[in-house]
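Every number in this text was worked out from the coordinates using simple rules, so none of it is lab data. In this text the structure is predicted, and so the values were computed from the model without any measurement. Here Cβ is always computed from backbone atoms with ideal geometry, including for glycine, and neighbour counts include all displayed protein chains.
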Amino acid sequence: MNKYYKNMDFATEIREAFEKKYVKVFLKESDDIELVKSTLEQIKSIHKVNITESHSGGNDSLTLTIYPKKMCTAESVEKDIKKCLSGIDLGKPNMGEVEKIQVLGKLDSCPKAKKLFNQAIEKRNMGCYERNTLDDMRLSLELFLKQKLGNNQSLENQIKHIGQYQKEKGRSAEFTNMF
């Protein structure tokens, strides 16, 4: 009983081995396999995601083998996978690489903020977990500012400190007065 769903960038298929069902995900571009694997590992109904080599039909490629948690069915996992992957623009960057590298460079001095920023970008690229993406971005900025400005203020209470920092860096009065 294999169902085969096609999307522009991926296809899924439910398979069975030893009376246990699992889901295979075939990607159009296997360059995206690590991103997709880490994305799928965050879905609560999924127990394990493995990258596997496929040699069917003379086409060597990498695929994903996904095992559901005990209380979940392969059909419900497949539905979760399709919902999540439909939001990803595989093969196309969702944030400019130049901008991402610039931000990551600024965050090198604050590993916690950098980790949260990376998680937020990953979630944004997935197209799901939108609320978590926003929370991670916000907290990343807050942690960065706390370290940069040397205080323990919440993000909302950093405005006057940002203005003072900008003033110390020689920014114009017109600019610093915005803070």
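So is Glu78 under 13 Å from Ala11 (Cα atoms), out of contact with any His (no Cβ under 8 Å at 6 or more places or on another chain) and acidic (Asp, Glu) or not? It is true that Glu78 is under 13 Å from Ala11 (Cα atoms), out of contact with any His (no Cβ under 8 Å at 6 or more places or on another chain) and acidic (Asp, Glu). Among the residues examined, Gly163 qualifies as under 23 Å from Gly105 (Cα atoms) and surrounded by 14 or more Cβ atoms within 10 Å (Cβ to Cβ).
Residues in segment 64-80 that are under 21 Å from the mean Cα position of the chain (by Cα) and not hydroxyl-bearing (Ser, Thr, Tyr): Leu64, Ile66, Pro68, Val77, Glu78, Lys79, Asp80.
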